Amino acid sequence: MPEELVANLIVFARTLRASGVAVRPSGVPDALSALGVVGVENRGDVRDALRAVLLSRHDDYAAFDSVFNQFWRAWRESSDALPQPMHVPERGRSRVRITAPGIATADATDRQPSSSDEPVGVRTYSADETWRRKDFATFTPEDFIKASAAMSMLTWNPGVRVTRRWIPGAGRHIDLRRLLRANASRSHEWLIIPKRTRRTEPRPLVLICDVSGSMEPYARMLLLFAHAIAGDTRRVEVFVFSTRLTRVTRQFATRRPEVAMSAVREAVGDWSGGTRIGAAIRSFNVHWARRVLRGNPVLLLISDGWDLGDPQELAREMARLQRSVRRLIWLNPLLGSPGYEPLARGMHAALPFVDDFLPVHNMVSLEALAGRLNELKN
């Protein structure tokens, strides 16, 4: 694969992100593999291949096509030829070359004369960027401390829900009780017509996290993630499972994450054991669903999909769970690995009943998840 194409794919992915498009964490390596298969001779094939491997949401298709049509063409000599946030040449056709590991430098050709012939740099590497893409399985104690601080800065806001209760407000409906009270002394003249509207409140979140043996490399970081979400003011319920389900919401009430994780380990008797996802979801549906799924919450299920139980039971319970929540999001730490395919029988059985299937293996994936939650409609 030519170096120029590799570098331009990197810039293209960053341009998509700058335009608000959620790009898969492993998008660029997958894009290189896809173009190696379909080739670069046909523009339509290139567009379809990049769209298939870079995007994770159907809602981003229109924005992707717009950026693609602007990016992959011969640049015209205009001031808005390239996206400004990428710091690429404003005039002329650009050719990007890699001059050092992790640094891409744009070398402008066919440019208009300028006062300086120095190349314009397009940064694709920094120490912070490398850490944000570091896999959770390789985190050091210092990384966990840094990640805890970083997650506390993110906003986990899946929107609000409209309740059945009425409150005074500028709605379309007349508040008859307040109308009668306000105009009781005015005979038959209705001078004040108060209105009312439905009350809204933050939509709750429910986390169900796999702490089986196959999830051990990611367990500590995912519990830190659960603690960061549970520290918010909205109602958050947290469950963990291996071969059986355990509610640990009370253990996450403390502000100190290390105390919370120690309490969770003491409460969970089957830590790092086998995995029975279907049985755990059935236990949740039978014993906890009516209590914690009030308010039509968003549910985050965190697991790698390796399951020792019955796939039919898992499919049946996942279908029941999906009907009970506003949105069911499955977070898989293996999804960020190059070449990963959801071939495990548990994952294969559950996917038809998942609204969003997203990676959760580094800080970039958590930032994308926070953005995805913030985009949910009421």
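Would you check if residue 231 is surrounded by fewer than 20 Cβ atoms within 10 Å (Cβ to Cβ), within 24 Å of residue 298 (Cβ to Cβ) and modelled with pLDDT under 85? Judged against the criteria, residue 231 is a match.
Considering every residue within the stretch 42-51, establish whether at least one is closer than 23 Å to residue 375 by Cβ, at pLDDT 80 or above and either of a type in the set (Asp, Glu) or surrounded by 19 or more Cβ atoms within 10 Å (Cβ to Cβ) (or both). Scanning the stretch 42-51 turns up at least one residue that is closer than 23 Å to residue 375 by Cβ, at pLDDT 80 or above and either of a type in the set (Asp, Glu) or surrounded by 19 or more Cβ atoms within 10 Å (Cβ to Cβ) (or both).
For the stretch 60-88, how many residues are at pLDDT 75 or above, open to solvent by 60 Å² or more (accessible area, probe 1.4 Å) and not small (Gly, Ala, Ser)? So the count comes out to 3. When residue 9 is tested against (1) open to solvent by 40 Å² or more (accessible area, probe 1.4 Å); (2) more than 22 Å from residue 360 (Cα to Cα), only condition (1) is not met. Pairing residues of the stretch 291-309 that are farther than 14 Å from residue 215 by Cβ with residues that are assigned to a loop (DSSP other than H, G, I, E, B) and of a type in the set (Val, Ile, Thr), at Cβ distances under 6 Å and at least 6 apart in sequence or on separate chains, gives 297/325; 299/325. Filtering the stretch 211-240 to residues that are touching a helix residue (DSSP H, G or I) at 6+ places or on another chain (Cβ under 7 Å) and under 23 Å from residue 282 (Cβ atoms) leaves 211, 226, 236, 237, 238, 239, 240. Taking the criterion of being within 22 Å of residue 133 (Cβ to Cβ), open to solvent by 40 Å² or more (accessible area, probe 1.4 Å) and in contact with a Leu (Cβ under 9 Å, 6 or more places away or on another chain), the only residue of the stretch 306-341 that qualifies is 340.
Residue by residue through the stretch 342-357, note down the ones that are surrounded by fewer than 22 Cβ atoms within 10 Å (Cβ to Cβ) and either within 29 Å of residue 150 (Cα to Cα) or touching a helix residue (DSSP H, G or I) at 6+ places or on another chain (Cβ under 7 Å) (or both).
Hits for the stretch 342-357 are 342, 345, 353, 354, 355, 356, 357.
Tallying residues that are open to solvent by 50 Å² or more (accessible area, probe 1.4 Å) and in a loop (DSSP other than H, G, I, E, B) within the stretch 239-271 yields 5.
The values are calculated or read from the model by the stated rules, or taken from the named source; none is laboratory data. Every value quoted in this text rests on a predicted model; they were computed, and no experiment measured them. No Cβ is skipped: glycine too gets one built from the backbone with ideal geometry, and neighbour counts run over all protein chains shown. SASA here: full protein model, heavy atoms, side chains in, ligands and nucleic acids out. Shrake-Rupley method; radii C 1.70, N 1.55, O 1.52, S 1.80 Å.
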